[in-house]
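The values are calculated or read from the model by the stated rules, or taken from the named source; none is laboratory data. For clarity, every value in this text was computed on a predicted model and none was experimentally measured. Cβ sites come from the backbone with ideal geometry, for glycine too, and all protein chains shown count toward neighbours. Just so you know, the surface numbers come from the protein's heavy atoms only, side chains and all, with ligands and any DNA or RNA stripped out. Shrake-Rupley method; radii C 1.70, N 1.55, O 1.52, S 1.80 Å.
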Amino acid sequence: MENIPRMALHEQVADRLRHMLVEGVIEPGAKLNEREICEVLNVSRTPLREAIKLLAAEGLVELLPNRGAVAARLDESDIISTFEVLATLEGMSGELAAERITEDELSEIQAMHYEMMACFARKNLAGYYDLNARIHAAINAAAKNPVLSQIYRSVNTRAHPVRFHTNHDENKWKLAAAEHSEMLDALAARDGAKLKRILVGHLENKRDAVLSQLREQTVSNAKKTTSAGKTKSAKVASDELTAD
């Protein structure tokens, strides 16, 4: 792997590590192994530790006593609070974008939308996620409000690991894709109120999908733990009988 250029090294390391976190390469709750990450990025521990501090400030990493740095894991309360703010920010972005978007910006978003729908038709989930995220970012940029964009990027980065990895259910994926088509129509019509309403609803549906997936994982993990406990108990009982 190529060396990362030395200029602003810790920021570039943070960008690479951020990508690994939001794309799920490093799973939520996993410990950040400094030695392994240094080898992957071909950097020393000093810039890596500076990068970890930056990501901790963004909420992507947690610094825990006696454990070091771990990838942040959002619980139900975190998800509800984060999506509540994100829905408000996206709604405002849509309302302002409908007023301020240029024809070139609209054409670019339309092109990304058609490409995204092609990914949907091919069941290309990775491509769909990438374009989906770029469309939402482009709508925010079209609002042309630097303060809004700064806050949006911060909150969206925190939500990204769960936000763009939940369309495994066919019906929910179809609903999300249909909502994107409605967004595009409202944006093209310069209907800010309608676009705001669609975006807020879209984020609320996404929140519900994320919560549903989280609860399913919790139940699945509980079953695995119970099963493992029963297996261990049975083995202990068997060993005791053998010893007798």
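Using a probe of 1.4 angstrom and keeping all protein chains present, the accessible surface of the chain works out to 57 square angstrom per residue.
Work out which trypsin sites (Lys or Arg not before Pro) in the chain are exposed loop sites (DSSP not H, G, I, E or B, at most 10 other Cβ within 10 Å) and give the longest gap free of them.
On the way: sites that count: 6, 67, 122, 123.
Result, exposed sites excluded: 124-244.
Modelled this way, with points 7 Å down the Cα-to-C-beta line, the labels at residue 108 and residue 66 are 5.1 nm from one another. Please determine, in degrees from 0 to 90 and to the nearest 10, the orientation of helix 103-121 with respect to the longest principal axis defined by the Cα atoms of the chain, where the helix direction is its Cα long axis. Between the helix axis and the principal axis of the chain, the angle is about 40 degrees. For the options 201, 127, 68, a Gaussian network treatment of the chain with springs between C-alpha atoms closer than 10 Å singles out 68 as fluctuating the most. Computed over segment 142-185, the P(r) curve from all C-alpha pair distances, binned at 5 Å from the origin, holds 5, 18, 16, 18, 24, 13, 5, 1 percent per bin. Within the shell of other residues whose beta carbon sits under 13 angstrom from the beta carbon of residue 149, the net charge comes to +2, with Lys and Arg scored +1 and Asp and Glu -1. Straight Cα distances below 14 angstrom link residue 172 to the aspartates and glutamates 204, 208, with same-chain residues fewer than 8 positions distant left out. Short to long, the 5 Å bins of the Cα pair-distance histogram for segment 87-129 hold 5, 22, 17, 18, 20, 15, 3 percent of all pairs. Taking 1.567 mPa s as the viscosity and 4 °C as the temperature, the Stokes-Einstein diffusion coefficient of segment 85-209 based on its alpha-carbon Kirkwood radius rounds to 91 µm²/s. Taking label points 7 Å from Cα along the Cα-to-Cβ direction, residue 44 and residue 175 give a separation of 5.2 nm. Within the shell defined by Cβ-Cβ distances under 12 Å, the residues around residue 21 carry a net charge of -1, with Lys and Arg each +1 and Asp and Glu each -1. At q = 0.17, 0.28 Å⁻¹, what base-10 log of I(q)/I(0) does the Debye formula yield for segment 1-73 when every alpha carbon is treated as an equal point scatterer in vacuo? For segment 1-73 at q = 0.17, 0.28 Å⁻¹, log10 I(q)/I(0) is -0.55, -1.49.
For the chain, calculate the relative contact order in percent as a whole number, restricting contacts to Cα pairs under 8 Å that are 6 or more residues apart. Provide the component values of the computation, followed by the final result.
On the way: 242 pairs, mean separation 53.1, N = 244.
Answer for the chain is 22 percent.
Which angle between 0 and 90 degrees, to the nearest 10, do you get for helix 146-163 versus the longest principal axis of the chain when only C-alpha atoms count? For 146-163 against the chain, the angle is about 40 degrees.
Its Cα gyration tensor gives segment 1-145 an equivalent ellipsoid, and the semi-axes of that ellipsoid, as √(5λ) in whole Å with the largest first, are 32, 19, 16. Taking a Cβ cut-off of under 12 Å around residue 140, the surrounding Lys, Arg, Asp and Glu residues balance to a net charge of +1, with basic ones at +1 and acidic ones at -1.
So for segment 31-112, what are the equivalent ellipsoid semi-axes in whole Å, largest first, each being the square root of 5 times an eigenvalue of the Cα gyration tensor? Please report the intermediate quantities before stating the final value.
Working: eigenvalues 264, 80, 19 Å².
For segment 31-112, the semi-axes come out at 36, 20, 10 Å.
The long axis of helix 170-188 is offset from the longest Cα principal axis of the chain by roughly 30 degrees.
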